[in-house]
1. Have a look at the DSSP beta bridges in the chain and tell me what percent are antiparallel, nearest 5.
2. Relative to 2.2 N^0.38 Å, what does the C-alpha radius of gyration of the range 1-134 come to as a ratio? Two decimals please.
3. Sorted by accessible area with a 1.4 angstrom probe, largest first, how do Cys237, Cys19 fall?
4. Translational D (Stokes-Einstein, µm²/s) of the range 137-217 at 20 °C and 1.002 mPa s when Rh comes from the Kirkwood sum over C-alpha pairs?
5. Compute the acute angle (0 to 90°) between the alpha-carbon long axis of helix 206-216 and the principal axis of greatest extent of the alpha-carbon atoms of the chain; round to the nearest 10°.
6. Ignoring any ligand, DNA or RNA, what whole percent of the accessible area of the range 289-347 comes from carbon and sulfur when the probe is 1.4 angstrom?
7. Taking 0.36 nm per intervening residue step and subtracting the Cα-Cα distance, what contour gain separates Glu320 from Ala131 on full extension?
8. Using Stokes-Einstein with the Kirkwood hydrodynamic radius over Cα pairs, what translational diffusion coefficient do you get for the range 226-347 at 37 °C and a viscosity of 0.692 mPa s, in µm²/s rounded to a whole number?
Amino acid sequence: MPLFDHPEFDHHRQVLFGCDPESGLKAIIAIHDTTLGPALGGLRIYPYASEEEALTDVLRLSRGMSYKSAMANLPLGGGKAVIIADPRTEKTPALLRAMGRLVDSLGGRYITAEDSGSSEADMQVIAAETAHVGGLRRASGESGDPSPFTAWGVFCALKSAVRHGLGRRDLDGLRVAIQGVGHVGAHLAHHLHAAGARLVLTDVNREALTHLAEELGAEAVAPEAIFDADVDLFAPCALGAALTESVVDRLKAKVVCGAANNQLAAPGVAERLMAREILYTPDYVANAGGVIEIAWQRREDYDRAAVMAHIEGIGATLDELFERASREGRSPATIADAMARERFGRR
């Protein structure tokens, strides 16, 4: 499929295909917008079934990063990178170094960071080839992993969503289903448990799921059963496109708020959620905590308290967004897109 006719192409500033035969690198970097600053976005390593599937993912994800940075009040644009490979068997130092050289060839227009299939250790390898990388361990020895910050941002977003969607100001006894308990989902589960929520968890990693459920006294269910859980809030924290129209029809939750990117499988799903009176929390607003942390890591005046205050501002942003959505009778997803475009000057 030609790039400019691709359904996910949104006037992206640049799309770069990179190949390195010696390491086996096959990668795509998409820069969506740089109006507010250089494009920041993670590196996803995944065994895509086709080049077209990889292109679809990187175009969608990079667009989401532009909107995420704008809504998080960051001086950054949006980009993303993908490597077509199995991170468990094909990820090598040579592959990562080749990726670093590809990132460096863009001269700072794109800044990479960890994402699904890549890690903080991988970013250290990439950093040997380029300075345009975030999420690195600081000189103090503190981890650069953005996952805890992403989870805290989702927790702040969730509290706003619960106020607007359920009329509650506390989480004690709140029933929450979390789909995916990897790095971010597990951190979110701990925050919710500490706040008194009752949890239903699922993950494709059965061992990790069982361990976390036992630790938190939560119910563990099979992946497909999570959509039918009798809960107040559904938190998608796995890969994207979890919310299809058929899934929405099964949900018992009245609020959706999670960490996954691109949760809506199609634009019409937002309207289906509205029709069922389920409050949807736009994913790129809720999950911006990690990007905020990475952006602050690149500043000379890094201050942990300032970072946390910035992340906690996600709640205030959502208060404004939900109130506007209610006032205008439109989906929060539509309002979030409009607010983001207003901030980086696109119609």
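1. 35
2. 0.96
3. Cys19, Cys237
4. The diffusion coefficient I find is 158 µm²/s.
5. With rounding to tens, the tilt is 50 degrees.
6. Its accessible area is 45 percent carbon and sulfur atoms.
7. Extending this stretch completely gives an extra 64.4 nm.
8. Rounded, D is 212 µm²/s.
The values are calculated or read from the model by the stated rules, or taken from the named source; none is laboratory data. Only a predicted model underlies this, so the values are computations on that prediction, with no experimental measurement involved. Using ideal geometry, Cβ is built from the backbone for each residue, glycine included, and neighbour counts are taken over all protein chains shown. In case anyone asks, the SASA skips ligands and DNA or RNA and just uses the protein heavy atoms, side chains included. Shrake-Rupley method; radii C 1.70, N 1.55, O 1.52, S 1.80 Å.
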